[in-house]
Structures are given as C-alpha cells and as structure tokens.
Amino acid sequence: MRNIVFIGFMGVGKSTIAYKISKMRRMKIIDTDKEIEKKVGMKVADIFEKHGEEYFRDMETNLLYELQGERNLLISCGGGVVLREKNREIIHNTGTVVLLSASAYTIHNRVSRNDRRPLARGKSRHEISKMLKSRQGFYKESADVIVSINHKTVSMICSEVLRKVEEFNKNVK
Ligand code: S3P
C-alpha cells in the first residue's frame, strides 16, 4: 500500500484520523511530532523553547528524508511541515498527501487553550485565522486530496479519506 501523508493546520485531527485508519487498515503510523520528541527526549514545546523553531524544523526535514523510502505508512505531519519547499517536495514523493481542513473557528476552539502547541497557545481567533490564511496556499498546493472535517464524525472523515485516496491512487503509476 502506498503511504498516506496527512497535512493540515494544528488541531484538525491528523493524528486521530491516522490512528483510526491504522487500526482499520493495519498500516503503521508515524506521528512526526512524536518521533521528534523521542529523538530529542523532550516535548515539542520544550524543544521550541530550548533550541528554537529552526532546530525543530531541521529535525522535521531530516525525519521526512528518512521516511521517503518506506511503504505502508500513515504519516501524520506537524502543521508547519508545508512551510519549507524541500518538505513539500519530499512529502509529494513519499505518498498520497491528504489535507484535512477546518474553519478558523473550529481550529481556535480546539487549540487555543492547549499548552502543547507553542505557535497556537493563547492566540485569538483572529490570529489563528491570519496564520491559517498565510499557510493556506502551501496546504492546497501540497494536497493530492482534500477532506474538510467541519461537522463530521471521525468515522465519516476516515471513510471519506479512504475513498478519495483510493480514487486518487487509481491514476498514480
Ligand atoms: C506546528 C504544529 C504542531 C507541531 C509544532 C508546530 C505548526 O503539530 O509540529 O507545534 O507550525 O503548525 P500539530 O499540527 O500536530 O499540532
């Protein structure tokens, strides 16, 4: 099975959906944030604080390089993965890229009170909306398949992802 790479803004549920599909399809799941945390031995928020964002982004790019040759993986990427052109190129070559999208309203409700995300914590809906807009072009340009999560259950999202991925893969050599 071709890898499936999940992208999308913080809080859209990339890890949850990847996990559910990994159980349905017996595919291995790689959560890039968790892998980086394991390698560095620190939580993402602490990595940002101690080493800075660039260090974290370098770890992210190195990990994507490592995953390029693998098969049968569900890769859940951190929301900022699309910011680097190199990363966009790597994910394109790694598998079918699924963008999970949501409104700024939904995202703000999910992330603003959570401490785990250094770039989102304490942000107003307006700030989240601005950040989302500034990244939107990169998300869309990177996506093979787009699934909106607004007003859908986890199983509805999983079915839609799998249906659209299968459809997309039919046309990939
Ligand atoms: C980030 C998203 C986070 C994590 C880091 C930076 C971003 O991952 O990689 O805090 O720049 O959007 P999630 O999308 O899993 O929250």
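What follows is calculated from the coordinates using simple rules that are stated; it is not laboratory data. What you see is a predicted model, and the numbers here were worked out from it, not measured in a lab. Reconstructed Cβ throughout: ideal geometry from the backbone, glycine too, with neighbour counts over all protein chains shown.
Given the pairs K123/K152; K20/K152; K14/K164; K20/K164, which span a C-alpha to C-alpha distance of over 19 angstrom in this model?
K123/K152
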Check: Taking Cα pairs under 8 Å and at least six residues apart, what relative contact order does the stretch 85-153 come out at, in percent?
Finding: 48
Notebook entry, point to check: If you build a Gaussian network model of the chain, linking Cα atoms that sit under 10 Å apart, which residue out of R113, R57, R88 swings the most?
Noted result: R113
Margin query: What does the charge count around S155 come to, taking other residues whose C-beta lies under 13 Å from its C-beta (Lys +1, Arg +1, Asp -1, Glu -1)?
Written below: +3
Margin query: From Cα pairs below 8 angstrom and at least 6 apart in sequence, can you work out the relative contact order of the stretch 30-153, rounded to a whole percent?
Written below: 27
Notebook entry, point to check: In whole percent, what relative contact order does the stretch 1-66 give with Cα contacts below 8 Å and a gap of six or more residues?
Noted result: 20
Next item on the list: Starting from the amide H of S76, placed 1.01 Å from N in the peptide plane, find each other amide H under 5 Å away whose residue is 5 or more places distant or on another chain.
Entry: F6, I30, D31, T32
Margin query: Per 0.36 nm of contour for each residue apart, how much would the distance between K133 and M156 grow if the chain were fully extended, relative to their Cα-Cα spacing?
Written below: 5.7 nm
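Show that you can apply the helix-only estimate: for the chain, add -39,500 (n - 2.57) for every DSSP H stretch of four or more residues, divide by all residues, and state [θ] at 222 nm to the nearest 500.
Numbers: 8 runs with 97 residues, N = 173.
When only DSSP H runs of four or more count, the value is -17500 deg cm²/dmol.
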Margin query: Can you compute 3J(HN,Hα) from phi for each residue in the stretch 63-75, using the Karplus curve 6.51 cos²θ - 1.76 cosθ + 1.60 with θ = phi - 60°, rounded to whole Hz and x for Gly and Pro?
Written below: 5, 4, 4, 4, 7, 3, x, 7, 10, 6, 10, 9, 10
Check: Given 5 Å bins starting at zero, what is the percent of C-alpha pairs of the chain in each, up to the one with the largest pair distance?
Finding: 1, 8, 18, 22, 22, 17, 8, 3, 0
